[in-house]
Amino acid sequence: MTSNTAQCSRILGGKSGFGSATNYGQRILKALAVCVVATCAAFHGQSSPKRTSDPSVAALGSGFASDTARVNGATLHYVRGGTGPAVILLHGFPEDWYAYHRIMPELAKQFTVVAVDLRGLGGSIPTEGGYDAANMAEDVHQLAEHLLLEHVFVVGHDIGGMVAYAFTRLYPESSRGVMMLDAPLPGLGLWDAVKADPIAWHVNFQQTPDLPEQLLAGREAIYLRHFLDRDTFSDADIARYAKSYAAPEHLRAALEIYRAFPADEKFDAGKQSVITVPLVLAPGENSPFEKLMPSLADALRAHGCSNVKVEVIKNSVHYVADEQPDAVAELIERYAL
């Protein structure tokens, strides 16, 4: 496709017949000029569609904006707001950046807040591969560099917590701390017990080749409602997240993240260098993962993490930022400054 400039140049150029228009009156020339301008404007309008405003972003406040960046071979969508030290927020399954909408306005009072859609999910563009935690950590690292954010504090829930840990393993010099919200780590602690627990039945299901795509297509809202309880998540929330996962390539991306767990296990188990970056494990008080956190903390220390703390989020289960946003915001503020 030719550019707007080239298209307009063809219409206005010497070969168009305007250069030899001496037989036309001045009024005819003016009329033709008006037509040319209109035609060029039409071309411009067709090739540069207007950017739609996301009401969810607008609801955060005037200081927030939605954008995308091309990094590490992927196009990532993110929502940014606030000023101050940088805090990057990474969601888990089955959510997107909106998982943090309840705490972003509060954090933005003293931080630059960037909530990211993981590779292939939400507004981020799916790719053929690259869904292991280490590569998605590279996505985040390159995004931080693209946005000129230095010494970031990374918060990750669930899958996002796995990516946050990989980030601090790969780029400890770029991070002033990591917080993992109710997140186990493949290959560390009682990971085998996590996989064997009936509550994690979906892990094996989502790792199965091809079958989940066929069974879940068109039933995303039904499936997501199984994980997102009605006490915390409205039907509108479910509809929003179902839309984020509904396109075949987006659904496949979500499943490929789980299919990359064996690679994540090798990565996490193999990293044993000493790092002093503060790591905060923050499970929900009533989460099945809460009882595993002491074992995970010990495993992290045995693998060279010298600064590990456990902070239990009261009166919450798994989706802690949705269930107890004030407590999560306060916890992030305490460690991210």
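The values are calculated or read from the model by the stated rules, or taken from the named source; none is laboratory data. Worth saying up front: this structure is predicted, and the values here are computed from it rather than measured. Ideal geometry is used to build each Cβ from the backbone, glycine not excepted, and the neighbour counts take in all protein chains shown. Accessible surface is based on the protein model in full, side chains and every heavy atom, while ligands, DNA and RNA are left aside. Shrake-Rupley method; radii C 1.70, N 1.55, O 1.52, S 1.80 Å.
Tabulated data for the structure shown
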quantity: Cα-based radius of gyration of region 207-337 once divided by 2.2 N^0.38 Å, which approximates compact folds; calculated: 1.27
quantity: Probe 1.4 Å, protein heavy atoms only - accessible area per residue of region 221-337 in square angstrom; calculated: 46 Å²
quantity: Calculated SAXS-style log₁₀ I(q)/I(0) at q = 0.10, 0.14 Å⁻¹ - region 116-260, Debye, Cα scatterers; calculated: -0.37, -0.74
quantity: Stokes-Einstein D for region 264-337, Kirkwood Rh over Cα pairs, 25 °C, 0.890 mPa s (µm²/s); calculated: 185 µm²/s
quantity: Model label zone, ALA247; criterion: amide N under 19 Å from point 7 Å along Cα-to-beta-carbon; scope region 64-83; calculated: 66-79
quantity: Convex hull of Cα atoms in region 49-122, direction-averaged projection (nm²); calculated: 5.4 nm²
quantity: Whole-number accessible area per residue in Å² for region 75-185, which is evaluated in the context of all protein chains at 1.4 Å; calculated: 25 Å²
quantity: Carbon + sulfur, % of accessible area of region 102-226 - ligands and nucleic acids excluded, 1.4 Å; calculated: 56 percent
quantity: Net charge contributed by nearby residues that have their C-beta within less than 11 Å of PHE227 (K/R +1, D/E -1); calculated: -2
quantity: Separation between Cα centres of region 149-165 and region 205-281, rounded to whole Å; calculated: 16 Å
quantity: Inter-part distance where region 64-115 and region 305-337 are each reduced to a Cα centre, Å; calculated: 17 Å
